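Worksheet: one structure, shown below.
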């Protein structure tokens, strides 16, 4: 070791959860093939990544005309990845409404090891039935909160307590819009840690260039599970980059149990086989992060802004003020039209940050 | 504002220094044209970026067969950017040995506003004559320390005191290898701040995904000047991304005086006009950051490792242990051959972090 051991982690283990084959699907229109799934899952398994999550970007049962049809069915994804994993656990993600109990049953039949049920950050109650079903079935089930920057630390902690009551064996928060800075993450993870005894998870996005720093802040605040993807392969500006955050956590004294060289190999395979180019932070990514709006709005915001002759950045900031969430895409037209009526921007761009 | 004002900066001004047209040259073999220089300099000026630095990647006088010949001469670069700037100051960079006093005179004739003299982190004495010349000439001159992770905070502070004695009106450190984590930066900036009264600068690279977080840590520790480039355009894994760090600093309560939308426009122009693709963090970038080796070694390490049949990652880590610096490229062959003789890696990859 040429570098000093900062020792911040005190040798505490952190479990790395890899949703490259689920969140990455957002970056390629849900078009990964069985060969691609197999190539990456095998490499991740070799590296010793503890959990490999697979699925449509929006989770089990979500493949549809509305959010995009996956190239490969849920059944095929699960059987392919199951065959490729020797050591790693197989994870899936489900949003109630998109997926249902029948999808959970199918995942169990395919030998899933860990199911995450996701809801909007203030709607943990929507996970009650599914977490209950999984508890009865004896399957490890975590409850996770999306767009978590829209709720206070205290509210997030209360939702997590509820998720544990429903049966969650782990809880956590997603920075779906890539809006957090490290202090925000530390505060929220600490609040949740103080409220529950199950492991706490953090899932970052890189819109403000802070995905790695936010993940470190989460681990330092007591998160036991950190999500990260190969080259950051994921929605919008991408996720926490797994082959970066792992050695950084190790340098700070945390233990991941992952082999660095094999992890770098897996990331090289992901860059070569799964994606056109690794994610970068473009101007819309920055604005959606600052505004706290899910980057999935990007395509429609750009289309509608062009049609209405308004600045898409103004539209994003206004959607942020209105606390828009997925499913409220109709708001984009209203916002763009009212901006046009008001003659463009409502206030100077400098004051918006 | 939809986001809380964290207020960490207490409204303190931070001066953003933009070396896109100098450090970015490393990413394109020093081949920017006059039209490209003009397009970006004008956009940066419109956005209100205080300093626009231009030149060959290795600075004034460095265009050569050894490190690459620039497409445009120093004279042409300086006259082109000078014509394009109305509000921004024009900066240049010089490494004694590559550049000389005659190059400084030429830059002064072209109306340069700010000169940076760079040396290896423990060799500030090499800047004495040039800083003295610039002081006599009445030109704002900063002394900056390269590969600064190779010296202790105390040693860096001592070197900076010396630079000020020579005439530097500002001092600072470059994380040339992208090796720092935020705590490292905070410690070093604080030590320098305690030792000098002139403004202190930090220049980051993104090898460990920490360029933005490190720059924030520098500002919070009292750095008054932060380097950042459009889309991170710079050597290796790239620099701190300017259009990201500016709104992040503003959100934390610092003031940059830069217009966000015009800054985003400038970055869009840079992505479209200056670079093939924005920098991303590849496996060699990560390893060079962890090893503390300048990423400029990459090409030769890959060539020699292939020829000798050894793992280039082992070569990087060994070069790091040997504290290799630019100019010591001959070490690569020695290291590769001794690794081959030893039968490959000297120890397990997991222990290297």
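Laboratory data are not the source of any read-out in this text; all were calculated from the coordinates shown. The structure displayed is predicted, hence computed values, not measured ones. Using ideal geometry, Cβ is built from the backbone for each residue, glycine included, and neighbour counts are taken over all protein chains shown.
Results, tabulated for the structure shown:
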item	result
Ratio of the Cα radius of gyration of the protein assembly as shown to 2.2 N^0.38 Å, where N counts its residues	0.95
Selected from B:212, B:293, B:86 as most flexible by GNM, with chain B as the system and alpha-carbon contacts under 10 Å	B:86
Solvent-free Debye scattering, log10 I(q)/I(0), computed from the Cα coordinates of the range B:124-254 at q = 0.12, 0.20, 0.22 Å⁻¹	-0.43, -1.08, -1.23
Kirkwood estimate for the range B:69-124, i.e. one over the average of 1/r between Cα atoms, Å	12.2 Å
Inter-copy label distances at residue A:132 (7 Å, Cα→Cβ; nm, one decimal)	8.4
Prolate/oblate/rounded label for the range B:180-246 (Cα gyration tensor, a/c 1.5)	prolate
Teacher prompt: residue B:76 distances to equivalent labels in other copies, 7 Å Cα→Cβ, nm	5.4
Semi-axis lengths (Å, descending) of the ellipsoid that matches the C-alpha gyration tensor of the range B:223-349	38, 15, 11
Shortest-first nm distances, residue B:109 label point to equivalent points in other copies (7 Å, Cα→Cβ)	8.2
Overall dimensions of the range B:283-352 by Cα: Rg and Dmax, Å	10.6, 29
Cα pair distances in the range A:1-101, grouped into 10 Å bins until the bin that holds the longest one, percent each	16, 42, 24, 12, 6, 0
Residue among B:154, B:179, B:328 with the largest mean-square fluctuation in a Gaussian network model of chain B, springs linking Cα atoms under 10 Å	B:328
Relative frequency of Cα-Cα separations exceeding 14 Å in the range A:9-64, percent	58 percent
Acute angle (nearest 10 degrees) that the helix B:128-137 long axis makes with the longest principal axis of chain B, alpha-carbon atoms	10 degrees
For the range B:209-295, the spread of Cα positions along each principal axis, largest first, Å	36, 34, 16
Helix axis angle, B:74-84 relative to chain B longest principal axis, alpha carbon, degrees	40 degrees
Residue with peak Gaussian network fluctuation, chain A [Cα springs, cutoff 10 Å], from A:316, A:133, A:254	A:133
Helix B:260-273 axis, angle to chain B major axis (alpha carbon atoms, nearest 10°)	50 degrees
Taking the range A:283-352 and dividing mean pair separation by its residue count, relative contact order in percent (alpha carbons under 8 Å, at least six apart)	34 percent
Antiparallel bridge percentage (DSSP; both residues within chain B; nearest 5)	5 percent
Residue-averaged beta-carbon neighbours from other chains (10 angstrom radius) around B:205-212	6
Nearest-to-axis residue of chain A, judged by beta-carbon position, where the axis maps A onto B, in Å	A:213, 2
Normalised contact order of chain B, rounded percent, pairs of Cα under 8 Å and 6 or more residues apart	17 percent
Three-way shape call for chain A based on the alpha-carbon gyration tensor, with the a/c threshold at 1.5	rounded
DSSP beta bridge pairing in the protein assembly as shown, given as percent antiparallel to the nearest 5	5 percent
Distance from the range A:106-155 to the range A:169-185 (C-alpha centre basis), Å	16 Å
Relative contact order for the range A:189-299, counting Cα pairs under 8 Å that sit 6 or more residues apart, in percent	25 percent
Longest to shortest principal axis, alpha-carbon extents of the range B:53-210, angstrom	41, 35, 32
Rounded, prolate or oblate (a/c below 1.5 giving rounded, otherwise prolate when a/b exceeds b/c) for the range B:271-320 by Cα gyration tensor	prolate
